[in-house]
1. I'd like the Karplus ³J(HN,Hα) series for the range 140-153: coefficients 6.51, -1.76, 1.60, θ = phi - 60°, whole numbers in Hz, and an x wherever there's a Gly or Pro.
2. I'd like to check one number: the per residue accessible area of the range 176-285, probe 1.4 Å, reported in Å² as a whole number.
3. Given a 1.4 Å probe and every protein chain left where it sits, what share in percent of the accessible area of the range 221-293 is carbon and sulfur?
4. Full extension from Gln237 to Arg106: what is 0.36 nm times the residue separation minus their Cα-Cα distance, to one decimal in nm?
5. I'd like the accessible area for Glu266: 1.4 Å probe, protein heavy atoms, all chains in place, Å² to the nearest 10.
6. How do Asp103, Asp142 stack up against each other in accessible area, from largest to smallest, with a 1.4 angstrom probe?
7. Just reorder His82, His280 by solvent-accessible area, largest first, 1.4 Å probe, all chains present.
8. Determine ³J(HN,Hα), in whole Hz, for all residues of the range 100-105 in sequence, where each value follows from phi through the Karplus function 6.51 cos²θ - 1.76 cosθ + 1.60 and θ = phi - 60°; x replaces Gly and Pro.
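The values are calculated or read from the model by the stated rules, or taken from the named source; none is laboratory data. Values in this document were obtained by computation on a predicted structure and should not be read as measured data. Quick note on the areas: whole protein, heavy atoms, side chains included, nothing else; ligands and nucleic acids left out. Shrake-Rupley method; radii C 1.70, N 1.55, O 1.52, S 1.80 Å.
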Amino acid sequence: MIALGACAGRAPAPTDAPAPSPRPPAGATPTPAPSATTSWRFAWSPDVQAFAVRTEADVERTGGGSASGGGAERERVESSAHVSLAVQPAGSGGTRAVVGRVDSLRVRASARVSGGADPAPAPPVGLRGSVSPRGAVRLDVDGTAAAGGCGTPTGASALTALAVAREALPRVPAGTTPLTVGARWRDTVATTTCAGPLPVSVQAIAAYEVERQEGALLRVRRRANSTLRGQGFAGGQSVRVTGTGIADATLLLDPARGVLRGVTGEGRTTMTMTIGTATHAFEQRTRVTVQAR
């Protein structure tokens, strides 16, 4: 039922005699070395940005016993998709509209989960949303694709597509707020994912920090803590899911172009699922990569 969720210097070679150091002419002013940029302003480019997003989740049953007679149960779920997003120019109030699309979404699972079938790509999913004057991001499914929720294949695919797309549009302070190495900000995002037919609410609190400049790019670290909770019925029995998670990711931003170049991250979530009177514990380890195309 769990579907997603130094560098070391090298000594110089010895020489017969040290080379003499040239001396500047008397009275000359030394030319200062060029300094790296120390402050940047980031504003999302209005051009369409395209990404390949991939997630891998390994789910292991860690408690509650095995229906097959013991031993750890492990399953793998992989998803891949192409995401295109465009952040429109700011309107009169400073808010910027977002339009986008998720194509070629595939979710592959272990045979015991998928039944052995190679899944076909899900239908394209349109996206809409906004970026506030302070950089807060809102992103939703456009239209009624997610209307069925986790109870229908179309609804579950739409929610998966939305989660994939959110990886490509993180919160970044607006262009009026300068970014410097060491700058920090926070974000809270509430989403819905699926554990089989059961919708699960997830709240993630993320802390961002600009670690350093790498050429034209800014390396940003994001650490997040999440809680999840869901309750409903499946197979005629009451089902309840609770859990907590941690995640650590690196983002590469191009402030000059206003684009995201990539994301790599890992996370771990522990979950408890109660079905009727039986309780089962799971651990999920997830890896995410986002690559600009």
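1. These are the phi-based 3J(HN,Hα) values: 9, 6, 7, x, 10, 4, 8, 4, x, x, 6, x, 10, x Hz.
2. Values: 5620 Å² over 110 residues.
Averaged over the residues of the range 176-285, the accessible area is 51 Å².
3. Looking at the range 221-293 in its full context, I get 47 percent from C and S.
4. Gain on extension, Gln237 to Arg106, equals 44.2 nm.
5. Glu266 exposes around 120 Å² with every protein chain in place.
6. On the way: Asp103 40, Asp142 80 Å².
The ordering from most to least exposed comes out as Asp142, Asp103.
7. Numbers: His82 70, His280 30 Å².
Per-residue accessible area, sorted high to low, gives His82, His280.
8. x, 7, 10, 10, 6, 6
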